[in-house]
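Notes follow once the structure below has been shown.
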Amino acid sequence: MKTIITINELRAALSVFREAGKTIGLVPTMGALHEGHASLVRRSVAENDVTVVSIFLNPTQFNDKNDLERYPRTLEADCQLLDACHADIAFAPSVQEIYPEPDTRHFSYPPTDEVMEGARRPGHFNGVCQIVSKLFDYVQPDRAYFGEKDFQQIAVIRRMVDDLGLKLQIVPCPVVREESGLARSSRNSLLSPLEHRAAAHIYRVLQWSLPFAEDHSVAQTLQFVVDAINAHPELEVEYYSIVDGDTLADVNEWTDAPHIVGCITVYCGSKPIRLIDHIRYKG
Ligand code: PAF
């Protein structure tokens, strides 16, 4: 695997593959790679001739500077994992390389980027669109792979791809879970062993809510999930929304949309660590 740190070198390396008619897969990451990322990389390797993995802790998507500062940085281990997954190129640029000037572009895709994470983390999805659009421009991938754990992020990126008229295919990949059911996340490494066990309660409750929802309303199901998670002393729900899986607008009835998903954000422990997850009720 080749590690590249400049945009010019990346473009030059990829133009050789493109001229030879090779397909290119892109897996955008912020590093601190785990089995969830590895599953995206393996899928890209299986479906494309060349796989590029970007490792860039994008400052413009962090509205909370403490969150950015404590985000794990593990470049050496990341490159080892990518090598083992047979990625072809790791693109690990500096902040100066990506943002020599502040990025003043503004992306807006209501209601998708305004609800849930969008409402609690102002500017977050604008920052995601800034970096992902740049990566799409540098790499010009045929396919780009994103984990469904960040369910809302995929919906926003799809809107951006339509808006910019890009030809690439967005490939959503299933959440990879620990044995306990906890969704794999780079943030899990910040949890103490006690918090780690507590965090597993989130998905447990989401699963309990599936049979509950069969004979209860949307409002009752929302309350059931919030109460059952908040009953755990280490956990506090920031929001639980049951939404149309395509537009992400809130639903009031189970008949309101063909795809219905519950999206949750929970604070875990005393630091606290912010964890997200989701579950499909319909479609
Ligand atoms: O999902 C992430 O890790 C990031 O939001 C992404 C897509 C790599 C953009 O920085």
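Residue-wise test of (1) aliphatic (A, V, I, L, M); (2) in contact with a Leu (Cβ under 7 Å, 6 or more places away or on another chain).
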| position | (1), (2) |
| --- | --- |
| 238 | no, no |
| 253 | no, no |
| 257 | yes, no |
| 273 | yes, yes |
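Going through the stretch 146-174 one residue at a time, which ones are acidic (Asp, Glu) and either within 14 Å of the ligand (Cβ to nearest atom) or part of a strand (DSSP E or B) (or both)? Scanning the stretch 146-174 gives 148, 150. The residues of the stretch 1-35 that are in contact with a helix residue (DSSP H, G or I) (Cβ under 9 Å, 6 or more places away or on another chain), away from the ligand (no atom under 15 Å from the Cβ) and under 20 Å from residue 97 (Cα atoms), listed by number, are 2, 3, 4, 5, 6, 7, 10, 11, 14. Taking the criterion of being of a type in the set (D, E, K, R) and either buried (at least 16 other Cβ atoms within 10 Å of the Cβ) or within 17 Å of residue 278 (Cβ to Cβ) (or both), the residues of the stretch 164-190 that qualify are 177, 178, 184, 187.
One residue stands out among those in the stretch 114-133 that are under 29 Å from residue 11 (Cβ atoms) and more than 10 Å from the ligand (Cβ to nearest atom): the one that is surrounded by the fewest Cβ atoms within 10 Å (Cβ to Cβ), which is 123.
In the stretch 86-110, the qualifying residues are those that are among the polar types (S, T, N, Q) and over 20 Å from residue 52 (Cβ atoms), and the one that is nearest to the chain's Cα centre (by Cα) is 108.
Checking each residue in the stretch 220-248 for being under 30 Å from residue 157 (Cβ atoms) and either of a type in the set (Asp, Glu) or not in a strand (DSSP E or B) (or both) picks out 221, 222, 225, 226, 229, 236, 238, 244, 245, 246, 247, 248. In the stretch 42-145, counting only helices (runs of 4 or more DSSP H) that sit wholly within it, the ones holding 1 or more residues that are touching a strand residue (DSSP E or B) at 6+ places or on another chain (Cβ under 6 Å) and modelled with pLDDT of 95 or more span 75-84, 124-139. Close Cβ contacts (under 8 Å, 6 or more residues apart or on different chains) running from residues in the stretch 106-127 that are touching a residue at least 24 places away in the same chain (Cβ under 8 Å) to residues that are among the β-branched types (Val, Ile, Thr) and in a helix (DSSP H, G or I) comprise 109/156; 112/156; 113/156; 118/156; 123/60; 125/156; 126/60; 127/60.
The values are calculated or read from the model by the stated rules, or taken from the named source; none is laboratory data. As the structure is a computational prediction, the values presented were derived from the model and not from experiment. Don't worry about glycine lacking a Cβ; one is built from the backbone with ideal geometry, like all the others, and counts go over all protein chains shown.
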